[in-house]
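A short write-up of the structure that comes next.
The values are calculated or read from the model by the stated rules, or taken from the named source; none is laboratory data. The structure displayed is predicted, hence computed values, not measured ones. Cβ coordinates were reconstructed from backbone atoms using ideal geometry, including for glycine residues, and neighbour counts include every protein chain displayed. With ligands, DNA and RNA removed, areas are computed over all heavy atoms of the protein, side chains included. Shrake-Rupley method; radii C 1.70, N 1.55, O 1.52, S 1.80 Å.
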Amino acid sequence: MKQFFFVAALISFLYRPSQAQETYAEKLGYPKGKKIILFHIDDAGMSYEANQGTIVAMEKGVANSTSVMMPCGWVPAYMKYLQQHPTTDAGVHLTLTSEWKGYRWFPISGREKVPGLVDKEGAMWSNVGDVVKHASADEVETEIRAQIARFRSFGVEPSHIDSHMGTLFGSPAFTERYVKVGIQEKIPVMLPGGHATLIAKERNSPAQEIQQFQQVGKMLWGAGLPVLDDLFADTYGWKLPAGTPNTEENLRKMKTQKYIELLKEAKPGITMVIMHCAAPSDNFKEITDSWPTRYGDFWAMLDPELKTFLDKEGIVLTTWREMYERRKKVK
């Protein structure tokens with residue numbers, strides 16, 4: 001693993017994926033040509049509203065996966081829910097940043113072990129750039145292992161690991177540790193290792209970056225873990241036009257339409273769609289000004305129009321747990 005990204009960069013010049021290449025969905029036994037979707041909710045454990053939004057959107061809506069921010073204050077409440085519902089598709093939302101001004105969290109490892117992960121207030125840095133600037137790869141690995149250990153301490157096995165604010169993709173050294181830990185701990189790793197069509201467009205990625213993702217995908221598959229074909233993480237950027245009130249009807253309608261448009265654009269294979277759901281409350285508006293997009297995601301997941309579209313188009317919903325069980329059966 002030590003020299004992986006250097007080697008991957010060299011291999012990428014020789015590797016040119018075919019448009020007809022078998023998707024990871026097909027490798028896992030899903031029907032050929034089908035769109036396989038994970039509607040994934042980030043940030044469980046962040047607050048009471050995040051917990052309730054996640055639970056309701058998964059129990060009563062079409063959302064089917066989540067991940068938990070282990071340094072946050074409402075983690076025990078959500079983990080107790082998981083203890084009672086152990087088949088829930090819930091992973092570790094590996095958290096190395098603390099972005100809100102008045103509500104912050106701290107490394108589980110303690111600042112003595114990971115001083116590069118904390119700012120002058122003793123909390124995690126508020127942005128990815130500062131984490132990359134100040135933290136070492138060793139500190140990052142120490143903290144992500146601590147967060148996985150805390151998740152497991154509740155007696156539940158994580159369905160996967162992923163990255164809050166994409167920090168673990170902020171540098172090749174961080175990504176290397178992220179992948180290494182997933183392989184060593186036998187936990188599926190969120191990474192778009194297939195055709196990566198949506199994520200390439202979203203990030204305006206050079207071909208070399210996508211080819212490197214594909215090489216990592218091969219490594220994860222070779223280690224016995226399932227792999228995503230694609231990823232979309234920009235639902236956070238979907239906003240109402242300026243001057244349009246953030247009412248429930250407006251937010252639900254806008255978000256539902258955006259999800260339908262995204263699903264039409266998605267290519268066959270396994271695509272993970274990242275969102276943020278929060279149950280509405282006045283208190284939550286004091287935590288973050290992102291409440292409109294989080295409320296909109298919540299209402300969209302419950303919208304019968306979205307469910308009808310999924311059924312009509314024959315779109316298949318899956319989870320990380322199902323993907324891993326399928327992977328174990330592939331020789």
Item to complete: Just read off the accessible area of residue 43 with the full protein assembly in place, 1.4 Å probe, to the nearest 10 Å².
Response: 0
Worksheet item: What does the accessible area of residue 219 come to, in Å² to the nearest 10, when a probe of 1.4 Å is used?
Response: 60
Discussion item. Using a 1.4 Å probe on the protein heavy atoms, what percent of the accessible area of region 88-146 belongs to carbon and sulfur?
Written reply: 52
Discussion item. Ignoring everything except DSSP H segments at least 4 long, calculate the 222 nm mean residue ellipticity for the chain; use -39,500 (n - 2.57) per segment, divide by total residues, nearest 500.
Written reply: -14000 deg cm²/dmol
Item to complete: Return the single residue from 197, 54, 87 with maximal mean-square fluctuation; model: Gaussian network over the chain, springs between Cα atoms under 10 Å.
Response: 87
Fill in: Cα gyration tensor, region 114-233 - rounded (a/c under 1.5), prolate or oblate
oblate
Response to the item:
Probe 1.4 Å, all chains present, heavy atoms only: residue 221 accessible area in Å², nearest 10, is 40
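Charges at C-beta only: +1 for Lys and Arg, -1 for Asp and Glu. How large is the resulting dipole of the chain about its Cα centre, in Debye rounded to 20?
Here the size comes out at about 940 debye.
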Response to the item:
the chain: antiparallel bridges as % of DSSP beta bridges, rounded to 5, reads 5
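Would region 200-251 count as rounded, prolate or oblate if I go by the C-alpha gyration tensor, calling it rounded below 1.5 in a/c and otherwise prolate when a/b exceeds b/c, oblate otherwise?
Oblate shape, in that a/c is at least 1.5 and b/c is the bigger or equal ratio.
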Worksheet entry | Relative contact order [Cα under 8 Å, 6+ residues apart], the chain, whole percent | 25
Discussion item. What distance in nm lies between label points placed 7 Å from Cα along the C-beta direction at residue 207 and residue 282?
Written reply: 5.8
Worksheet item: How large is the charge dipole for region 269-310, taken about the Cα centre, if only the Cβ atoms of Lys, Arg (+1) and Asp, Glu (-1) carry charge, to the nearest 20 debye?
Response: 140
Discussion item. As I understand it, the dipole of the chain uses +1 on the Cβ of Lys and Arg and -1 on the Cβ of Asp and Glu, about the Cα centre. Which of 158, 128, 250 lies farthest toward its positive end?
Written reply: 158
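How much length, in nm to one decimal, is gained on full extension between residue 112 and residue 265, taken as 0.36 nm per residue of separation minus their Cα-Cα distance?
Value of the extension gain: 50.4 nm.
Tell me whether region 275-331 comes out rounded, prolate or oblate; compute the Cα gyration tensor, take square roots of the eigenvalues as a ≥ b ≥ c, and use a/c under 1.5 as the rounded threshold.
Numbers: a/c = 4.69, a/b = 1.76, b/c = 2.66.
Note, shape of region 275-331 comes out oblate.
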Worksheet item: So how much slack lies between residue 150 and residue 85, counting 0.36 nm per residue of separation and subtracting their Cα-Cα distance, in nm?
Response: 21.6 nm
Item to complete: Starting at the first residue of region 251-260, write each ³J(HN,Hα) from the Karplus equation 6.51 cos²θ - 1.76 cosθ + 1.60 with θ = phi - 60°, in whole Hz, x for Gly and Pro.
Response: 5, 4, 4, 5, 5, 4, 5, 5, 5, 5
Discussion item. For the chain, what does the accessible surface come to per residue with a 1.4 Å probe? Please give it in Å².
Written reply: 44
